[in-house]
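The values are calculated or read from the model by the stated rules, or taken from the named source; none is laboratory data. The model shown is predicted, which means the values in this text are computed figures rather than measured ones. Here the Cβ positions follow ideal geometry from the backbone for every residue, glycine too, while neighbour counts run over all protein chains shown. Only protein heavy atoms, including side chains, enter the accessible area calculation; ligands, DNA and RNA are left aside. Shrake-Rupley method; radii C 1.70, N 1.55, O 1.52, S 1.80 Å.
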Amino acid sequence: MNLSINLNKEQLKAVRHKDGPMLILAGAGSGKTMVITHRIFHLIKKEDIPPNNILAVTFTNKSADEMKERIEKLLGKSGLNVWISTFHSLCAKILRKDINNLGYSNDFIIYDAGDHLSLVKSCASELNICDDLYTYLFIARKISNLKNNLITPDKFKEEAQDFNFLKKTAEVYSLYQKRLKENNALDFDDLIVKTIQLFEEHIDILQNYQKRFRYIMVDEYQDTNHAQYKLINLLTKAHCNLCVVGDDDQSIYQWRGANLDNIFNFEKDYPDTIVIKLEENYRSTQNILDAAGAVVSKNSKRKEKRLWTKREAGEKIVYARTLDEKHEVEFVYQTIEILRTQENHKYKDIAVFYRTNAQSRVIEDTFITKNIPHRIIGGLRFYERKEIKDILAYIRVLINLNDSMSLKRIINVPHRGIGNSTIEKIEQFEPSKEISLFERIRNIIKTDILSENIRRKLKMFTVMIEKLREGIETKTVSQIIRDVLGLTGYLEKLNEEKTTESEERAENVQELITAAEGFDVETETGEKVIHTFLDRIALISDADTMNDEAGAVTIMTLHTSKGLEFPSVFIVGMENNIFPHAKSMDDVSEMEEERRLCYVGMTRAKDRLFLSNAEKRHIYGMKQQNPPSMFLYDIPTDLLERRFSKGLRPMYTTLPSQYRRKGRLHYSHFMYGSSFYNRGSIKGGDKGESKFIRGGKVVHPQFGLGIIMAKDGKGDELKLTIDFKEVGKKKLVVKYVPLKVL
């Protein structure tokens, strides 16, 4: 193979490099997978390196499979001897052979995320730990984070001495590891942790793998955590033949443990490193690259690079500002039709990205109404999400007591102490009668077959259902949903969990109310709108909405879009508090990650890029009026084509002076200048120093529950350092933050 024909100058340089460390900074669409696979080919064919001496590590099975296919095409069957694997698959193979050295049997089992959480709950219960401030899910995530940072239970116990809540987590962590060992089990994080332990405690085993893996390549290096960094460091210590490929501008997983410093410090860790920048892009037009580059260039923590392409400049990036979210999706729909009819696009050529899952509902509803074939990637359809299906199951039971399937779904949701064994006994009661499950419940309550406590719980459940059924024929859809949420305590339970996951689920439930309000107006016609509402939802999963011949528009979150590409891309919800997300507005590090996320989304587009926002938005069951995303102001005006709904003023071409403070963006104005926080008891209110006590608990409308760690300044300059259980430490100016003191 003549490599110089297939590769550009920098790619060729990377492929021909043999010994010593190499850092390949591969910009979006720069052909990094081709470089990795061609380098493996070069090492085997030109440098006579045996295939089984080469290891390539990536993050997903999909990426690993793609590499294997390309290698096999280049090398034939001999390419199958190259180790191409994910981090966790690699470690599982190693441990299957040698974990007996750590006191485990080689037939150990691997616990998934559900098993992990269940065991954490069991351990916490065994220790009589039931703290509303730090939930089981928080403890489970904390344990995972500790393992990713190679912090053992004993070491964490020492660090946790000054904080009661951390002491409890340390106790659970210690017992959790003991129970795993007793069950001869490893969780997902243990696969890497135990491999490192094996290497450090048994040098001979490490040396065997160092001799075997003489050339190691790691893809997506910017996404590695500390444990993964340590693993690779151990394997390469003897020869330093390590090639890492990554792009600091595409690091968007800090929230799940990725350590961006791994790529920034690579040249310090390996002093003889050769750095190669892949800046030629083979995907996007120059206008798209320049716009995306302008956004990410505002980050202070990045390695300088500028993507360029041999393609033409292309069309300008379209920026649309609309009246509300419905007009925004109407803009998307109309533009899709223009792309299809005038620019020869197929549905499969188009993708719509959003920041949070709750934004998908209005997109799905519109696409269904307009008969636009679509598919959701990286997540369930809005109406298939558990919390939505739970509420819809309640509604189905209310209008049809014979719906036993829906009844079984919600009889113990939220948890009310009616377990599976009780349901089985109810189903077996009066087997000769053809009656519904609800009727069986009514009848069995009158007997002594079940305990008095269970009968009491079942009675409370039936009374609640009958109460919710009262006047249902005259209520609006949104009112029925609010009644269900109120009487069952479903939303209250979600809010009590105070986790990122429960917060998103609560937002989705609020979004269901927004969807229902669209049907409320129809009640004036006298139709039974609740049936219309349920019927419309039932059609969402109908196979007829998909057109296999024409393909389907892809809908997904920005995080899910990484690694994909489409001829045309829409990014909706370009508003402060939506994107960038509200949680990032007071944290420089998180804001920079949001900016990288924007860069990732924009560079998925090959030919056309459309950015949009709304002046007013109805989301999470409430109305918002957010300013345009600050990222829009970073894009040079000559790259934008602006479109505005009638009556809207154009976006400022430069950032207004009142949004700046000493030359820097004043994020607090963006965040708190809107009506975003006018929620119940969480208001600005009194900001007096006296109520903020070190060690006291406060609630932030976005960050949730936290503990005050320190105070600084007075009056309008009062700042609090707060440790939030979900997002860690934040330093906030009280004047701009609506905190509720507990």
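Over the chain, dividing the summed -39,500 (n - 2.57) contributions of all DSSP H runs of at least 4 residues by the number of residues returns a 222 nm mean residue ellipticity of -13000 deg cm²/dmol. Computed from the C-beta positions of residue 201 and residue 65 and an R0 of 45 Å, the FRET efficiency is 0.85 to the nearest 0.05. Each of residue 182 and residue 495 was given a label point 7 Å from its Cα along the Cα-to-Cβ line. The distance between the two points is 3.9 nm. Carbon-plus-sulfur accessible fraction, region 274-382 (probe radius 1.4 Å, protein heavy atoms only): 45%. Mean sequence separation of contacting Cα pairs (under 8 Å, at least six apart), scaled by the length of region 1-69, corresponds to a relative contact order of 27 percent.
Mind jotting down a quarter of the surface of the convex hull over the alpha carbons of region 551-600, in square nanometres, one decimal?
Over all viewing directions, region 551-600 projects a mean Cα-hull area of 3.8 nm².
Between residue 729 and 724, the built amide H atoms are under 5 Å apart, and every one of these is 5 or more places off in sequence or on another chain. Note on residue 462 and residue 326: with the Förster distance fixed at 41 Å, the Cβ-Cβ geometry gives a FRET efficiency of about 0.55.
Of the solvent-accessible surface of region 383-470, computed with a 1.4 Å probe over protein heavy atoms with every protein chain present, carbon and sulfur atoms account for 48 percent.
When you filter the GluC sites (Glu not before Pro) in region 255-308 for DSSP loop state and at most 15 other Cβ atoms inside 10 Å of their Cβ, you are left with 304. Bridge orientation summary for the chain: considering DSSP beta bridges with both residues in this region, about 35 percent are antiparallel. At a probe radius of 1.4 angstrom, the accessible area of the chain per residue rounds to 44 square angstrom.
Largest accessible area first, the residues 255, 308 order themselves as 255, 308 under a 1.4 Å probe with ligands, DNA and RNA left out. Past 22 Å, Cα to Cα, is the threshold; run 697/719; 386/740; 147/168; 697/729 against it and keep the listed order. The answer is 386/740. Between the C-alpha center of region 1-72 and that of region 410-477 there is a gap of 62 Å.
In region 1-158, the portion of solvent-accessible area held by carbon and sulfur atoms comes to 48 percent [1.4 Å probe, whole percent, DNA, RNA and ligands not counted]. Each Cα pair under 8 Å and six or more residues apart adds its sequence gap; the mean of these over the residue count of region 324-460 is a relative contact order of 15 percent.
Backbone amide hydrogens, once placed in the peptide plane, bring residue 626 within less than 5 Å of 617, excluding anything fewer than 5 places away on its chain. Projecting the Cα atoms of 318, 334, 150 onto the charge dipole of the chain (Cβ charges, centred on the Cα centre) puts 150 farthest toward the positive pole.
Select one label from (i) 1.36; (ii) 0.98; (iii) 1.02: the one whose number is Rg/Rh (Cα atoms, Kirkwood Rh) as derived from the coordinates shown. Among (i) 1.36; (ii) 0.98; (iii) 1.02, the one calculated here is (ii). Take every pair of alpha-carbon atoms less than 8 Å apart whose residues are at least six positions apart; their mean separation over the length of the chain yields a relative contact order of 15 percent. Per-residue 3J(HN,Hα) values for region 710-717, derived from phi via the Karplus relation 6.51 cos²θ - 1.76 cosθ + 1.60 with θ = phi - 60°, read 7, 10, 8, x, 9, x, 5, 9 Hz in sequence order (x marks Gly and Pro). Magnitude of the charge dipole for region 449-502, about its Cα centre and with charges confined to Cβ atoms of Lys, Arg (+1) and Asp, Glu (-1), is about 220 debye. From the alpha carbon centroid of region 560-574 to that of region 283-302 is 15 Å.
Backbone geometry of region 394-404 corresponds, through the Karplus equation with coefficients 6.51, -1.76 and 1.60 at θ = phi - 60°, to 3J(HN,Hα) couplings of 4, 4, 5, 5, 5, 9, 8, 5, 7, 7, 5 Hz, x marking Gly and Pro. Remark: the chain carries a charge dipole of roughly 1220 debye about the Cα centre, counting +1 on each Lys and Arg Cβ and -1 on each Asp and Glu Cβ.
Scalar couplings 3J(HN,Hα) for region 588-596, obtained by applying the Karplus form with A = 6.51, B = -1.76, C = 1.60 to θ = phi - 60°, are 4, 4, 5, 5, 5, 5, 4, 5, 5 Hz; x denotes Gly and Pro.
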